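S.K.: Below is a structure I'd like to ask you about.
The values are calculated or read from the model by the stated rules, or taken from the named source; none is laboratory data. Fair warning: this is a prediction, and the values are worked out from it, not measured in the lab. All Cβ positions, glycine included, derive from the backbone under ideal geometry; neighbour counts span all protein chains shown.
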Amino acid sequence: MSNQLATNNGEPQLPALPQQMLPALSQITAALGIPRSVLAPDEEIQYAWRDLPRELAQIPSNLRDELIARMCVAVSTGLFDGAINYAWNATIIHLRQMIREFGLPVVAQTLQKDFEEKHLLDLQDNQLLELSLKLGLISEDGFFFLDQCRDTRNNFSAAHPTIGKINDREFTTFLNRCIRYSLAAEVFPRGVDVGSFISAVKGTRFNEDQLTVWTDRLQATHDAQRQLLLGTVHGLYCDPNATEPVRLNSLDLCRRCSPAFNAAIRSDLVDRHSDYVAKGDTQRHTASQQFFERLGLLSLLNESERHGVISRATTQLWNVHQAMNNFYNEPPFAERLRRISEQEPIPETIQEEFVRVVVGCRIGNGYGVSGAAEDHYNAMVQGFSPREVRLAVSLCRSNDIVGRRIQNSGSCRRNYSELLGLIEPASVPSDVRSDYEHYINNG
């Protein structure tokens, strides 16, 4: 088998297993005086080999290299423990290359410490996954599944003494996750040099070419850095000492990017505005109002102060819920959020996060629910608006941590059914009624 797998119209074309391959495995084990069962059964090898082209088709041709070829050879002989090691090594190498493409100097700026090639190579696999998540190169789902693959590789591959064996289906699932969340990524975000970006905004008035270049770079980076840089632009605009070119450059960049503002960016800008109010910084507060007005986003500020309070309260509750001893520490944070939520309707800009946190805390984490906080959660659920009811019911289909708990944990699913039972059926919108009734009746 060559270093580059044979293809036909971009699809990998693997040969049929040689007729002597499987009998040879029995002959080898017999010659060594060991049972044939120490290797994968013939049927599992045939199934894994049959399914392999479907997975390989998702890997860009330039990444079907010698590691992938060695993986295929290992599969053909039933050495699934070796195959997953080759697949994992290919995944790690690709993640490192993604970080190089993102830009090591930009990584250093993000981490606020030196980060060069030697630091990248010294990262352990779990650290590499965490950095890839921080840079937005993999999603939360990708981190979750790749971290599972890391555990599988450490305990069931030829890289270390194993604690057991995997079969063909487990290998195919492992390979699918490595490909889906790493090897299949041909286009990934590139980082923006923060120093150069700020210098450009503070420089002379943008011409059309400059504006296009910086807009493209903002749109090409990952969500977290885009949010950070747009927040920085907002701060530059609101600076009382900012020159008119700086303010115009800031507005032009945000105006170009505003159609793609996600909920996190909008929330961050509102939080920054609220901070000026809290600090009594009248000049920056006035400039910030002008910023939102000129971008056509003034409606976000109608309840900005309340938004900031609820945003911080939900974040604090969720952080406590995710931390140690959460059952004992949640009640005061839940009580505070309940008091805030009962004063006025939750602003739409924070409703999604509010509902996610309340539902997530009420269904628990698989080990139970904070009993002393349960009444507070029940009261907030019973006070959900129709839109919040829709969000709560829709969580059963989400791919975030709350959705996964509902889908995968029996106790969380039962608690979710109880939660939905607190909602008046007449308040449930028709587009989510089927999910509501399913969990009410089958929780």
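S.K.: Taking the conditions exactly as written (surrounded by 21 or more Cβ atoms within 10 Å (Cβ to Cβ), assigned to a helix (DSSP H, G or I), modelled with pLDDT under 95 and within 21 Å of the chain's Cα centre (by Cα)), does residue 350 satisfy them or not?
M.R.: yes
S.K.: Report, ordered by the first and then the second residue, all pairs with beta carbons closer than 9 Å, sequence separation of six or more or different chains, a first member in segment 285-296 that is among the acidic types (Asp, Glu), and a second member that is assigned to a helix (DSSP H, G or I).
M.R.: Note: pairs meeting the criteria are 293/301.
S.K.: Also, quick follow-up: Name every residue in segment 13-40 that is in a helix (DSSP H, G or I) and of a type in the set (S, T, N, Q), in order of residue number.
M.R.: Answer for segment 13-40, where residues must be in a helix (DSSP H, G or I) and of a type in the set (S, T, N, Q): 26, 27, 29, 37.
S.K.: Let me ask another. Criterion first (under 29 Å from residue 404 (Cβ atoms) and outside any helix (DSSP H, G or I)) does residue 270 satisfy it?
M.R.: When the stated conditions are applied, residue 270 does not pass them.
S.K.: Look at residue 165 and say whether it is among the basic types (Lys, Arg), outside the structural domain of residue 56 (by TED's automatic domain parsing) and either touching a residue at least 12 places away in the same chain (Cβ under 8 Å) or surrounded by 18 or more Cβ atoms within 10 Å (Cβ to Cβ) (or both).
M.R.: no
S.K.: Tally up the residues in segment 43-53 that are closer than 21 Å to residue 185 by Cβ and surrounded by fewer than 18 Cβ atoms within 10 Å (Cβ to Cβ), please.
M.R.: Qualifying residue count, segment 43-53: 1.
S.K.: Residue under question is residue 113, and the condition is that it be surrounded by fewer than 18 Cβ atoms within 10 Å (Cβ to Cβ) and part of a loop (DSSP other than H, G, I, E, B); does it hold?
M.R.: Against the criterion (surrounded by fewer than 18 Cβ atoms within 10 Å (Cβ to Cβ) and part of a loop (DSSP other than H, G, I, E, B)), residue 113 qualifies.
S.K.: I've got another one for you. What pairs can you find where one residue is in segment 50-66 and in the same structural domain as residue 93 (by TED's automatic domain parsing), the other is in a loop (DSSP other than H, G, I, E, B) and not hydrophobic (A, V, I, L, M, F, W, C), and their Cβ atoms are less than 7 Å apart, with a gap of 6+ or different chains?
M.R.: These pairs meet every condition: 56/64; 60/186; 61/10; 64/4; 65/3; 66/3.
S.K.: Follow-up. Among what's in segment 237-261 and is among the aliphatic types (A, V, I, L, M) and within 28 Å of residue 131 (Cβ to Cβ), pick the residue that is surrounded by the fewest Cβ atoms within 10 Å (Cβ to Cβ).
M.R.: Per the stated criteria, the residue is 260.
S.K.: Something else: I'd like to verify a number: residues in segment 357-378 that are of a type outside the set (Gly, Ala, Ser) and over 12 Å from residue 405 (Cβ atoms), how many?
M.R.: Counting residues in segment 357-378 that are of a type outside the set (Gly, Ala, Ser) and over 12 Å from residue 405 (Cβ atoms) gives 7.
S.K.: What are the residue pairs meeting all of these: first residue in segment 356-382, first residue under 11 Å from residue 416 (Cα atoms) and touching a residue at least 24 places away in the same chain (Cβ under 8 Å), second residue part of a helix (DSSP H, G or I) and small (Gly, Ala, Ser), Cβ atoms under 6 Å, and 6 or more apart or on different chains?
M.R.: Close Cβ pairs (under 6 Å, with a partner that is part of a helix (DSSP H, G or I) and small (Gly, Ala, Ser)) amount to 359/392.
S.K.: Also, quick follow-up: What pairs come up if the first residue lies in segment 428-443 and is without any contact (Cβ under 8 Å) to a residue 24 or more places away in the chain, the second is aliphatic (A, V, I, L, M), and their beta carbons are under 7 Å apart, counting only those six or more places apart or on different chains?
M.R.: 440/420
S.K.: Only one residue in 379, 392 is within 14 Å of residue 338 (Cβ to Cβ) and among the small types (Gly, Ala, Ser), so which one is that?
M.R.: The unique qualifying residue is 379.
S.K.: What are the residues in segment 361-379 that are under 23 Å from the mean Cα position of the chain (by Cα), closer than 13 Å to residue 320 by Cβ and part of a helix (DSSP H, G or I), if any?
M.R.: 361
S.K.: Checking the condition more than 25 Å from the chain's Cα centre (by Cα) and crowded, with 18+ Cβ neighbours inside 10 Å, which residue from 56, 79, 63, 95 passes?
M.R.: 79
S.K.: Confirm whether residue 344 is closer than 15 Å to residue 402 by Cα, in the same structural domain as residue 423 (by TED's automatic domain parsing) and among the charged types (D, E, K, R).
M.R.: In short, no.
S.K.: For segment 198-222, what are the residues that are within 27 Å of the chain's Cα centre (by Cα) and of a type in the set (Asp, Glu)?
M.R.: Within segment 198-222, 216 is the sole residue that qualifies.
S.K.: Residue 207 passes all but one of (1) in contact (Cβ under 8 Å) with a residue 12 or more places away in the chain; (2) outside the structural domain of residue 70 (by TED's automatic domain parsing); which number fails?
M.R.: Answer for residue 207: the failing condition is (1).
S.K.: Considering 200, 264, 220, 224, which residue is of a type in the set (A, V, I, L, M), touching a residue at least 60 places away in the same chain (Cβ under 8 Å), surrounded by fewer than 19 Cβ atoms within 10 Å (Cβ to Cβ) and outside the structural domain of residue 142 (by TED's automatic domain parsing)?
M.R.: Residue meeting the stated conditions: 224.
S.K.: Next question, about the same structure. Can you name every residue in segment 266-325 that is closer than 19 Å to residue 340 by Cα, at pLDDT 85 or above, under 24 Å from the mean Cα position of the chain (by Cα) and of a type outside the set (A, V, I, L, M, F, W, C)?
M.R.: Listed by number, the residues that qualify are 267, 271, 311, 314, 315, 316, 319, 321.
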